[in-house]
Amino acid sequence: MSDRKLVIIPAYNESKSIIKAVEDIKEHAPGFDYVVINDCSTDDTLKVCQERGLNYVHLPVNLGIGGAVQTGYLYGCQYGYDLAVQFDGDGQHDAAYLEMMAKTLKETDSDMVIGSRFIEREGFQSSGIRRVGIKYFSALLWVLTGKKVTDPTSGMRMVNRDVMRIYADNYPKDYPEPESVMAILRMRKKVTEVPVVMKKREEGISSIGGVKSVYYMIKVTLAILMERLRR
């Protein structure tokens, strides 16, 4: 039997792009199921999900990106999926890479496969200041674990059922990507990267910018250090 594969789409105010993301998955990754985690959006995201008959979970309170993604992992474990992949609902990710990522996960016996923008350096590479932050977190993970991860902030990451269970039990709440990679590297899980091309977000704005970017760098650094010290 083939693996049961789930796409987790965390969505906060993505009413203008969520349909396109789902259609992309249906067209280019037909072997995957999907679930939209509506994180108590204040726009018409819930209405769009209802009217278009999308498969969704509605969170009655806003949990943030970490809580939304953790809900997706809980869903995946409850319904018996073998792997799950996080996929942004804002149009940045391309579903055409999902089958390749699933094949890599299995053939390399990896626990996580990350879609990296910085292996072949094609497509949207993020803003200059964010690239500096990404290089910083990449260097920090290398110093602490000896593992080079070129795109530790990538939101396009696929995990096996073992890591799904880990994340369903405990997942970072704010800016979770680098910290969650640190968590499984600390457990000596195997992380593999594959090259992907990402696009500039089609709607909305990033939650990280201005003064928040300084807070982000400090908070995530402390979280990674604390995760490294955990027994």
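The values are calculated or read from the model by the stated rules, or taken from the named source; none is laboratory data. The structure displayed is predicted, hence computed values, not measured ones. We place every Cβ from the backbone using ideal geometry, glycine too, and count neighbours over all the protein chains shown. Side chains included, ligands, DNA and RNA excluded: accessible areas come from the protein's heavy atoms. Shrake-Rupley method; radii C 1.70, N 1.55, O 1.52, S 1.80 Å.
Under the Karplus relation 6.51 cos²θ - 1.76 cosθ + 1.60, θ = phi - 60°, what is the ordered set of whole-Hz ³J(HN,Hα) values for segment 133-140, x standing for Gly and Pro?
For segment 133-140, the Karplus curve yields x, 5, 5, 4, 5, 4, 5, 5 Hz.
Let's see if you can work this out: charge +1 on each Lys and Arg Cβ, -1 on each Asp and Glu Cβ, no other charges. What is the dipole magnitude of the chain about its Cα centre, in debye to the nearest 20?
On the way: 32 positive and 30 negative charges, 199 e Å.
Approximately 960 debye in magnitude.
For MET226 and HIS28 in one chain, what is 0.36 nm times their gap in residues minus the Cα-Cα distance, to one decimal in nm?
Full-extension gain reported as 67.4 nm.
Calculate for the chain the 222 nm mean residue ellipticity that helices alone would give, adding -39,500 (n - 2.57) per DSSP H run of length 4 or more and normalising by residue count, nearest 500 deg cm²/dmol.
-13500 deg cm²/dmol
Is segment 92-166 rounded, prolate or oblate when judged by the Cα gyration tensor, a ≥ b ≥ c being the square roots of its eigenvalues, rounded requiring a/c under 1.5 and prolate requiring a/b larger than b/c?
Cα axes put segment 92-166 in the oblate bin.
Could you pull out the GluC sites (Glu not before Pro) across segment 42-126 that fall in loop regions by DSSP (anything but H, G, I, E, B) with no more than 13 other Cβ atoms inside 10 Å?
Passing both the DSSP loop test and the Cβ count: GLU120, GLU122.
Considering only LEU46, PHE32, GLY76, whose Cα is most displaced toward the positive end of the charge dipole of the chain, charges sitting on Cβ of Lys, Arg (+1) and Asp, Glu (-1)?
My answer, from the dipole projection, is GLY76.
Working from the pairwise distances between different alpha carbons, so that the mean of 1/r is found and then inverted, what is the chain's Kirkwood radius in Å?
Radius from the Kirkwood sum: 17.7 Å.
How much accessible area per residue does the chain have, in Å², with a 1.4 Å probe?
Working: 11320 Å² over 231 residues.
Per residue, the chain has 49 Å² of solvent-accessible surface.
Got a number for carbon plus sulfur as a percent of the chain's accessible area, 1.4 Å probe?
On the way: 6040 of 11320 Å².
Looking at the chain in its full context, I get 53 percent from C and S.
What percent do you get for the relative contact order of the chain when only Cα pairs under 8 Å and 6+ apart count?
24
Please report how far the C-alpha centroid of segment 146-179 lies from that of segment 31-59, rounded to the nearest whole angstrom.
23
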